[in-house]
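The structure under discussion appears below in the form of C-alpha cells.
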Amino acid sequence: LNKIRNSGTCLSFHFLFGLEIRMKRIVFTGGVILSCLLGDIGGMICRACNLSIPFHGCLLDLGTCKTKPGQYCIKEVHIKGGIEWYSVKGCTKNISDCFKRIISPYEIQAAHCCHRPMCNL
C-alpha cells in the first residue's frame, strides 16, 4: 500500500512539473509571436474598419492593415449635433491625412493619427 501512495505522489509531481514547463513554453512562444506582431518590423499593424458605430463596434470590419514607412494609424470621427455618429479606422496614405478637422454647419469630421501598433482602436 505504501508503494502505491508513493508512486501516485511521484506521478502527480511529474505531471504538475511537466505541466508547468509546457505552460512556460506556451507563454514564451506567445510573447515572441506578440512582439513580432506589435513590433515595428517593417511597419505597424493598425485596426481597419470602414464603419464603426459607438456602442455597437465595427460593422464593416476589414481586420488589420500594415503601414509602410511614413504612414500612420488613423481614426476619423464624424460628429453631428455633438454626437459621434460613426468612425472610420485604418492606415493613412501619407501624413497630410492626419489631424484634419472639417467643420460644416451640420457636421464635424476630425482625423487623429498615432504611431503605435493598434493605437486606433
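The values are calculated or read from the model by the stated rules, or taken from the named source; none is laboratory data. Everything numeric here is computed off the predicted structure, so don't read it as measured data. Every residue, glycine among them, receives a Cβ derived from its backbone with ideal geometry; neighbour counts consider all protein chains shown.
Data for the structure
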{"item": "Whichever residue in segment 97-121 is touching a helix residue (DSSP H, G or I) at 6+ places or on another chain (Cβ under 8 Å) and free of Cβ contacts under 8 Å to residues at least 60 places away in the same chain and, among such residues, is farthest from Lys80 (Cα to Cα)", "result": "Cys113"}
{"item": "Evaluation of Leu37 against (1) modelled with pLDDT of 85 or more; (2) in contact with a strand residue (DSSP E or B) (Cβ under 7 Å, 6 or more places away or on another chain); (3) closer than 17 Å to Asn120 by Cβ (one fails), failing number", "result": "(1)"}
{"item": "Enumerated strands (runs of 3 or more DSSP E) restricted to segment 58-121, each holding at least 3 residues that are surrounded by 12 or more Cβ atoms within 10 Å (Cβ to Cβ)", "result": "61-66, 73-80, 83-91, 108-114"}
{"item": "Segment 43-59 residues that are in contact (Cβ under 8 Å) with a residue 40 or more places away in the chain, paired with ones that are among the hydroxyl-bearing types (Ser, Thr, Tyr) and not in a loop (DSSP other than H, G, I, E, B) (beta carbon under 6 Å, 6 or more apart)", "result": "Ile45/Thr64; Ala48/Thr64"}
{"item": "Criterion (at pLDDT 95 or above and within 24 Å of Pro117 (Cβ to Cβ)) met by exactly one of Lys75, Lys68, Lys100, Lys93", "result": "Lys75"}
